[in-house]
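Okay, structure first, notes after.
The values are calculated or read from the model by the stated rules, or taken from the named source; none is laboratory data. Keep in mind it's a predicted model, so treat the numbers as computed, not measured. We place every Cβ from the backbone using ideal geometry, glycine too, and count neighbours over all the protein chains shown.
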Amino acid sequence: MKNHRMMLASMAIVAMMLAVAGSAAAASRTIDGGDTFEKTYKAESDDFFAVLTWWSDDDLYFTVEDPDGTIVQWSSGLGDSFAFDPFTSDAGDYVFTWRNNGTTAVDLEYTVMGFGEIEEAWGTFILILVIGVIVVIAIVVLLVVLLLMKGKKKAPQQLAAPLGPPVIEGKCAKCGSPVDPGVAFCAKCGAPLR
């Protein structure tokens, strides 16, 4: 069960890499009701890993036949994945067969990738991931800077200089003449008193 989960996790990572990187184009095929479609993939012994993913707009019966002619996987539905390791399994021709048991045509899309294509997709996936991380870090730094700038208090503004010389009680500071309380200007020189 654990190996099955590891294989599913590996296929999910490969499918995500393919979706993000887009390095392998999916092939399309319409299968009429009652018809069968076969795709052969030649797995080399030095291939480290290969994967097939497929999806359709209606149910199809799917089988995988290994180079010895043994059916190693079968399923029925709208899509599936099959990963195999020719390095430890049999190298040779793997035959993927889709059969439409229905009466109407079904559109099929599939991708078969060997290790070389997966390596290219992985490199592109890593590059996109690194760029995404850099963008997220830049956004976080920008938000922190903006929050810090918003929280900074402005320095208090200085008050305007007094209008005239300081008032000495009862006398004009400019000319020294006596002034009445509450008067704004000196009656003798006209200097402002406040």
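Within the range 38-60, track down each residue that is farther than 14 Å from Phe82 by Cα and either at pLDDT 80 or above or aliphatic (A, V, I, L, M) (or both). Listed by number, the residues that qualify are Glu38, Lys42, Ser56, Asp57, Asp58, Asp59, Leu60. Ser75 passes every criterion in (1) surrounded by fewer than 18 Cβ atoms within 10 Å (Cβ to Cβ); (2) modelled with pLDDT of 85 or more; (3) of a type outside the set (A, V, I, L, M) apart from (2). Listed by first and then second residue, the pairs linking a residue in the range 60-73 that is assigned by TED's automatic domain parsing to the domain that holds Lys39 and among the polar types (S, T, N, Q) to a residue that is modelled with pLDDT under 85 and surrounded by fewer than 14 Cβ atoms within 10 Å (Cβ to Cβ), with Cβ atoms under 7 Å apart and 6 or more places separating them unless they lie on different chains, are Thr63/Trp74. A residue that is in the same structural domain as Thr63 (by TED's automatic domain parsing), at pLDDT 85 or above, surrounded by 15 or more Cβ atoms within 10 Å (Cβ to Cβ) and not small (Gly, Ala, Ser) occurs somewhere in the range 101-108.
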